[in-house]
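Participant: Pasting a structure below so you can have a look.
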Amino acid sequence: MMPNVSRTQQLCLIGICWLSGIASCMLFLQYFTPKCSTYLIPPHKPEIKSVNISNSIPKPETPSKEETKEETKEEKPILLLWVWPENYRFDFSDCKKFYNIDGCHFTDDRKLYNQADAVLIFHKAIRWDLSNLPPSPRPAFQRWIWFHVESPTNTHKIPGLENLFNLTLSYRRDADISVKYWLTVNKTPNTDFVIPKKDKLVCWFVSNNDPSTGVNTRMKYFNELKKYINVNIFGRMAGSHLKSEDYYPTLASCKFYLSFENSVHRDYITEKVNGPLSVGTVPVVLGPPRQNYEDFFPPNSFIHIDDFPNPQALANRLLQLDKDDEAYRRFFDWKKHVTATPHLVIQNQEFIIYICHACEYIGRHKEYKVAHDIYQWWFS
């Protein structure tokens, strides 16, 4: 039986017991509740699981080196040679061999016509009725190249070609693909050049004396010149044939060489000048005006017939230079900083330089072009 306690005391006792109970519960929970490390999961950041998405996306197969090389090869533009010029055939690898040109896939396989990026068409091989031209309509992406290296005097005007081509390939500087036997400038002076031993004064390699090809001008001049100076002639016109392996040695043995073009036209300056320059012989030129020659060659590297009033005056100057070694040597001062590269002389190699540079052009140029009225341009 509880002792007599006042009502106030009972309430106080009940309050104390209630507070004690709450405190005991809090201690119990604090002791038995597991603690989470703040070093593993910061309380202010949610836990994020990383996902490797590369495992869920299939990886493309890496092509082998052989496949990559083959793909690059296929990406080269295709140049289709429609007709071999004069049927002079050569190995397609010659472009790489002689000119380090390998920018296109070169072929003469007409089955690739619809895939060809460009078709090279030799003007002299085109029939008058155009029946041997590539088929029409041609692919929209395809370019036709008019390939012609003769002078206007020796150009047949075949009807129907006026507005048919996209590009022109020629010796002319204003052609889309202009091919010349360019000289190269050297930074380092060349001190190794020695004038070859000479046992001939004037030489001329000539086979064409057909009046229809425009040779009358040079033949008239030559017939007058030979009255005053001896000229050593080689070739069919002399009734002899100079072998290709003898071309450069014979040329180097001459002090002067008659670089007479068959006809006189702007930019029509052929290998007849490049050849003697490359071996240390002074060319005597007949062709376009001296200024046109100086666009391509040093002014003191050649003699122009226009520098003299007549063939006799030219002959006298050549005879004088034959006796003046110092004056003759000055014709080669340009060789200290400029180099002439020998051209190919085997007959079937005549057109290689043009065809290879067409390959280089289409490998670098993708822009659209049209050759408007090639005859108006060519004969202007």
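FYI, it's all coordinate maths here, none of it is from the lab. The structure displayed is predicted, hence computed values, not measured ones. Neighbour counts are summed over all protein chains in view; Cβ atoms, including those assigned to glycine, are modelled from backbone coordinates with ideal geometry.
Participant: My understanding is that a pair violates if its Cα-Cα distance is over 22 Å; which of Lys197/Lys323; Lys272/Lys335; Lys76/Lys97; Lys96/Lys336; Lys243/Lys323; Lys197/Lys227 do that in this structure?
Facilitator: Among Lys197/Lys323; Lys272/Lys335; Lys76/Lys97; Lys96/Lys336; Lys243/Lys323; Lys197/Lys227, the Cα-Cα distance tops 22 Å for Lys96/Lys336; Lys243/Lys323; Lys197/Lys227.
Participant: I've got another one for you. If I model a spin label as a point 7 Å beyond the Cα along the Cα-Cβ vector, how far apart are those points for Ala327 and Tyr375 in nm?
Facilitator: If labels sit at Ala327 and Tyr375, their model points lie 5.0 nm apart.
Participant: Over region 137-269, what is the relative contact order in whole percent, taking alpha-carbon pairs under 8 Å and six or more residues apart?
Facilitator: Reported relative contact order: 27 percent.
Participant: Quick check: the distance between the Cα centres of region 79-95 and region 202-240, to the nearest angstrom?
Facilitator: Taking the Cα centre of region 202-240 as reference, the centre of region 79-95 is 31 Å away.
Participant: Which of the peptides 102-110, 188-196 is most tightly packed, and how do the rest follow, going by the mean number of other Cβ atoms within 10 Å of each residue?
Facilitator: Ranked by mean Cβ neighbours within 10 Å, highest first: 102-110, 188-196.
Participant: Okay, next question. Counting only C-alpha contacts under 8 Å and six or more residues apart, can you give the relative contact order of region 135-213 as a whole percent?
Facilitator: 22
Participant: Evaluated at 4 °C with a viscosity of 1.567 mPa s, what Stokes-Einstein diffusion coefficient in µm²/s does region 336-380 have when Rh comes from the Kirkwood expression over alpha-carbon pairs?
Facilitator: Estimated diffusion coefficient is 92 µm²/s.
Participant: Starting from the coordinates of the alpha-carbon atoms of region 74-199, obtain the Kirkwood hydrodynamic radius over all distinct pairs and give the value in Å to one decimal.
Facilitator: About 17.2 Å for region 74-199.
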